[in-house]
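Written out below as structure tokens is the structure these notes cover.
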Amino acid sequence: MRVLSAVLVLLAGPALAAPTPAAAPAQAAAAPPVPKSVWENPAGDARHLQSGLRCPASMGMFARSNLITYDAFGLDVSCGYNAPGAIVTFFLYRRGDLDASFAEAEEQLAGSPLLNNPKEVADEPVDLGGLRWRRARYAEAGGRRADLWMAPLEGWTMKVRATYDDAAAEAVEAQIAALTQGALASAGAQLKACAKAPPPERTGRPVKHAGDEAAADALVGALLGAVAQAAAQEGRAEPRTPILFCAEAPIEDRAWPMLAWRGVTPDGEDAKVDRLSAMTLESPPVLETAEDAELTLIFDEQSRRSDPRWVARLQQDGRTAIFGHYDGRPSAATLAPLLLDILDGKARPLGAFSDDGRTVTIIAPPDGE
């Protein structure tokens, strides 16, 4: 059962062969494709999913020229802007020591073949856009300028590279200030919420009760609980609290690159929901795990265990399929084999319900399971 072939066909072909990584080399002559597992709404007010950074299609006299992803997991990205006589590129990446990163960036700028023998003329901190930046300025032999800006942001690093004519200096500084304010309002807010609480412990293990009547009751309870939640949400006047998903850890040693996420409220509280997504060019398949009150209640009554039950589910084509339940909160390492099996068409859902909560499907396991 290849439940995701339509989603991944542009990456892997009809037979789901080895997938193309979401991030194409940034130095390619043609503009690399924009992966939907990294960027939302790339044709307009683009949003970087991993940080919340927004890169508008235009800002004053500047028009956005590209959105580039430099790694397979969306943790190193940039958005570039062009205006007459000026090029400004805004980078955001999750990296460590700022001083070492700045020294590396200075070396790259000084040796860039795109610049005409630049010479450093200043290196000092600057306050701009509500943030303290470290800045180095260069002058080219041909009369143009080149700037390097860098500042920390909640465990990430912001960097700006600008090359411009003297006449565009004021417009470039205004653009950098606007980009800074936008980054603080978008990525800054999301990353601050993500940094408020450390990642929770995840010691959950798969629950397997093949042929067990308790397992069947639990599955029915989980599905009916999900339907009840969907129906209740449909009738609510107030929307439920939004969830921000924080990029946690890449999973590199797999056939499919994957990224683990943690859900938090806008106040930084644990939303008790996690995600594991495949890094794809098209809309990514996402395996979501969440604490299930109905399932926990059923098992508490039957076994008197205190660990909450978690359910693994995947949404597609107007339905949510349940692929397993867990005794406690499962880790990304525990979930990765399941997502791989789903991608390869090997995993069979236990049941499904429509997103409007009106239909439920129970899928009986094959004989012998």
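The values are calculated or read from the model by the stated rules, or taken from the named source; none is laboratory data. Everything numeric in this text was worked out from a predicted model, so none of it was measured. Backbone-built Cβ (ideal geometry, glycine too); neighbour counts: all protein chains shown. With ligands, DNA and RNA removed, areas are computed over all heavy atoms of the protein, side chains included. Shrake-Rupley method; radii C 1.70, N 1.55, O 1.52, S 1.80 Å.
Limited to the stretch 103-153, what total is found for residues that are touching a Ser or Thr at 6+ places or on another chain (Cβ under 9 Å) and within 30 Å of Cys246 (Cβ to Cβ)?
9
Inspect all residues belonging to the stretch 186-209 and state whether any of them is modelled with pLDDT under 55, over 20 Å from the mean Cα position of the chain (by Cα) and not in a helix (DSSP H, G or I).
So the first thing to find is which residues in the stretch 186-209 are modelled with pLDDT under 55, and the list is none.
For the stretch 186-209, residues modelled with pLDDT under 55, over 20 Å from the mean Cα position of the chain (by Cα) and not in a helix (DSSP H, G or I): absent.
Out of Glu140, Glu104, Glu120, which single residue is more than 20 Å from Leu191 (Cα to Cα), under 27 Å from the mean Cα position of the chain (by Cα) and without any contact (Cβ under 8 Å) to a residue 60 or more places away in the chain?
Working: Glu140 fails: under 27 Å from the mean Cα position of the chain (by Cα); Glu120 fails: under 27 Å from the mean Cα position of the chain (by Cα).
Result: Glu104 is the single residue among Glu140, Glu104, Glu120 that is more than 20 Å from Leu191 (Cα to Cα), under 27 Å from the mean Cα position of the chain (by Cα) and without any contact (Cβ under 8 Å) to a residue 60 or more places away in the chain.
Any idea how many residues of the stretch 52-72 are open to solvent by less than 40 Å² (accessible area, probe 1.4 Å) and on the phi > 0 side of the Ramachandran plot?
1
Could you grab the pairs with beta carbons closer than 6 Å, sequence gap of 6+ or different chains, first residue in the stretch 166-180 and crowded, with 21+ Cβ neighbours inside 10 Å, second one among the aromatic types (Phe, Trp, Tyr)?
Here the result reads Val172/Tyr164; Gln175/Phe62; Leu179/Phe90, each pair linking the stretch 166-180 to a residue that is among the aromatic types (Phe, Trp, Tyr).
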